[in-house]
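Chemist: Got a structure for you, questions after.
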Amino acid sequence: METENVVARLKSSGLFRTKGLIGGKWIDAYDGKTIEVYNPANGEVIASVPFMGEKETKDAISSAYDAFRDWSRLTAFDRSSRLRKWYNLLMEHKEELAQLITLEQGKPLNEAIGEVVYGASFIEFFAEEAKRVNGDILPSPMPDRRLFVLKQPVGVVGAITPWNFPLAMITRKVGPALACGCTVVIKPSELTPFSALAAAELAIQSGIPPGVLNVVMGDAPKIGNSLLESPQVRKITFTGSTAVGKKLMAGAAETVKKVSLELGGNAPFIIFDDADLEVAVKASLASKFLYTGQACICTNRILVQEGIYDKFMNAFSNAVKSLKVGNGFSEGVAQGPLINEAAIQKVESLVQDAISKGAKVVVGGKRHNLGLIFYEPTIISDVKNEMLIARQEIFGPVAPVIRFKTEEEAIQIANDTDAGLAAYLFTNNIQRSWRVSEALEYGIVGVNEGLHAYEVAPFGGFKQSGLGREGSKYGLDDFLEIKCICMGNMG
Ligand code: ADP
């Protein structure tokens, strides 16, 4: 019932789109197949979307390829002003977009509003950066030659995005791509396609021409393979699991595409004896439990030095017990459901494995009495870094706590993983903050800060957490080719 009410409101706003977008037209799957999308908070069907595959993806690639010619030749100022209009529309429709996110993804409405603002910020930022794709003039080794460097858009981009930030992961990729003059084929997660489709509707309204932005969804491996196989697609940008990222990287080799990957994390959150306890507790709560722990930069392991251990555990446990779990549309809810049954089963199995190897439940530890796919905010202690829960990405509201003695030990534990996305450390010792920041093998480090992602800051990981950086002035590089032009006979 509640799902129907929200959908009715969104339909009247014109933002509730349920078809794919190819060449500026809203399209069904060619064979009419559909896939249902569920509200994770109550299991109700929201609506169906087309279950597309190879044929539709090929057509989307062709329309992006055709649109590239004109889009890439527009002045940067023209592209910039259309992106700016898109940003304005996203912000004007902040409330409706947030409702859509909560409906399909489950996160509390205030977090969803935060996602819209964060997501829109990439369109605003890259509307500005579009005008700063500067070339270069190099000193020539020959007196009659001149050397120039020109930066040009790479071409058609395949953008594959996950369900945890259904809007922001689209804009973080499409903003820089369009700013450079690239065109895109987006494949959102089939679990959360509506935010992407609403964003595409607003892109059309902002004057972004047909074919510049296309959206297909359905059979993920078939769509992925079509993007990989096409020589017209010159870049794949992906956010999602490490396993799928590796497949895409391997598949991109055949046509030597550029690849940007934002994959799983295993973020350590290190609290030293000399930390400010209150700051550390507040940050650990946000870093672990925001988004129900379903962000790749969410804390995965809390490392606490022995001198502050008892005080921290006491304050942290009290804070975690106070978190209200429920439907993201309800007032005061801090934690929504997980995304689906598979996600909650993974959390359960990691907790069970840790307990069977000697870890102890301090708070929570089981499904919430709301039923369905809600899980209790949980703390487990006596965790060892060898346990599965410390090696795999939990992607749920479980905080495993590891006790350590020395700074060297903390760094060793923190770096003992294949992942390298985000890490956090808490200390009031300025030398230690630099020493440890430099030693951590991570792309994003927070010092007395538990979760940070801004459009102006580079986002990406070391090791198997990925390749390339999104956001910031560095975020354009992955969508550009560098051309060196040598002019001869210059006198
Ligand atoms: P998660 O476990 O967070 O859902 P996935 O990596 O499975 O992460 O999903 C991220 C995105 O990748 C989604 O849009 C999903 O549909 C897509 N995806 C999954 N498998 C493939 C594949 N074989 N090829 C291309 N995309 C895929």
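The values are calculated or read from the model by the stated rules, or taken from the named source; none is laboratory data. Quantities reported herein were computed from a predicted structural model and do not represent experimental measurements. Because the Cβ atoms are built from the backbone with ideal geometry, glycine has one as well, and the counts that use them run over all protein chains shown.
Chemist: If you go through the stretch 11-20 one residue at a time, do you hit one that is in contact with a helix residue (DSSP H, G or I) (Cβ under 8 Å, 6 or more places away or on another chain), surrounded by 22 or more Cβ atoms within 10 Å (Cβ to Cβ), assigned to a helix (DSSP H, G or I) and in contact (Cβ under 8 Å) with a residue 60 or more places away in the chain?
Modeler: no
Chemist: Anything in the stretch 351-367 that is over 21 Å from Asn314 (Cβ atoms) and free of Cβ contacts under 8 Å to residues at least 24 places away in the same chain? List them, or say none.
Modeler: Of everything in the stretch 351-367, those that are over 21 Å from Asn314 (Cβ atoms) and free of Cβ contacts under 8 Å to residues at least 24 places away in the same chain turn out to be Gln352, Ser356, Lys366, Arg367.
Chemist: Still on this structure: So, of the residues in the stretch 302-337 that are touching a Gly at 6+ places or on another chain (Cβ under 9 Å) and free of Cβ contacts under 8 Å to residues at least 24 places away in the same chain, which turns out to be farthest from Leu103 (Cα to Cα)?
Modeler: My answer is Lys324.
Chemist: Restricting the search to the stretch 72-104, which residues are among the hydrophobic types (A, V, I, L, M, F, W, C) and within 30 Å of Gly326 (Cβ to Cβ)? Give the steps one after another, and end with the answer.
Modeler: Quick first cut of the stretch 72-104, residues among the hydrophobic types (A, V, I, L, M, F, W, C) only: 74, 76-77, 83, 86, 89-91, 97-98, 100-101, 103.
Residues satisfying the conditions are Leu90, Met91, Leu97, Ala98, Leu100, Ile101, Leu103.
Chemist: Residues in the stretch 170-218 that are under 21 Å from Leu261 (Cα atoms), of a type in the set (S, T, N, Q) and away from the ligand (no atom under 16 Å from the Cβ): how many?
Modeler: Matching residues across the stretch 170-218 total 1.
Chemist: Which one of these does Val401 not meet: (1) in contact with a Pro (Cβ under 6 Å, 6 or more places away or on another chain); (2) farther than 30 Å from Phe122 by Cβ; (3) in a strand (DSSP E or B); (4) among the aliphatic types (A, V, I, L, M)?
Modeler: In the conditions (1) in contact with a Pro (Cβ under 6 Å, 6 or more places away or on another chain); (2) farther than 30 Å from Phe122 by Cβ; (3) in a strand (DSSP E or B); (4) among the aliphatic types (A, V, I, L, M), Val401 misses (1) alone.
Chemist: Please list, ordered by first then second residue, the pairs with beta carbon atoms under 7 Å, 6 or more apart or interchain, first in the stretch 65-78 and farther than 12 Å from Pro209 by Cα, second modelled with pLDDT of 95 or more.
Modeler: Taking only residues 6 or more apart or on different chains, the pairs are Tyr65/Val156; Tyr65/Gln232; Ala76/Ala130; Ala76/Lys131; Ala76/Val133; Phe77/Lys131.
Chemist: Sticking with this structure for a sec: List the strands (runs of 3 or more DSSP E) inside the stretch 124-169, counting only whole elements, that have at least 2 residues being more than 16 Å from the ligand (Cβ to nearest atom) and of a type in the set (D, E, K, R). Before the answer, list the steps.
Modeler: Details: elements: 136-138, 146-153, 156-160.
Answer list for the stretch 124-169: 146-153.
Chemist: Taking the options Ala200, Ala280, Ala267, Ala250, name whichever one is surrounded by 21 or more Cβ atoms within 10 Å (Cβ to Cβ) and more than 30 Å from Ala410 (Cβ to Cβ). It would help to see each step written out before you state the result.
Modeler: Values: Ala280 fails: more than 30 Å from Ala410 (Cβ to Cβ); Ala267 fails: more than 30 Å from Ala410 (Cβ to Cβ); Ala250 fails: surrounded by 21 or more Cβ atoms within 10 Å (Cβ to Cβ).
From the options Ala200, Ala280, Ala267, Ala250, the qualifying one is Ala200.
Chemist: Right, here's the next one. How about the stretch 351-390: which of its residues are within 30 Å of Tyr38 (Cα to Cα) and under 23 Å from the mean Cα position of the chain (by Cα)?
Modeler: Listed by number, the residues that qualify are Ile373, Phe374, Tyr375, Pro377, Ile389.
Chemist: All but one of (1) assigned to a loop (DSSP other than H, G, I, E, B); (2) hydroxyl-bearing (Ser, Thr, Tyr); (3) surrounded by 23 or more Cβ atoms within 10 Å (Cβ to Cβ) hold for Tyr424; state the number of the condition that does not hold.
Modeler: Here Tyr424 clears every test but (1).
Chemist: Now for a different question. Against the condition touching a residue at least 24 places away in the same chain (Cβ under 8 Å) and within 16 Å of the ligand (Cβ to nearest atom), how does Lys346 come out, does it pass? Step through it out loud before you land on a result.
Modeler: On the way: touching a residue at least 24 places away in the same chain (Cβ under 8 Å): yes; within 16 Å of the ligand (Cβ to nearest atom): yes.
For Lys346, the condition - touching a residue at least 24 places away in the same chain (Cβ under 8 Å) and within 16 Å of the ligand (Cβ to nearest atom) - is met.
Chemist: Could you figure out which of (1) among the aliphatic types (A, V, I, L, M); (2) surrounded by 14 or more Cβ atoms within 10 Å (Cβ to Cβ); (3) assigned to a helix (DSSP H, G or I) isn't true of Ala8?
Modeler: (2)
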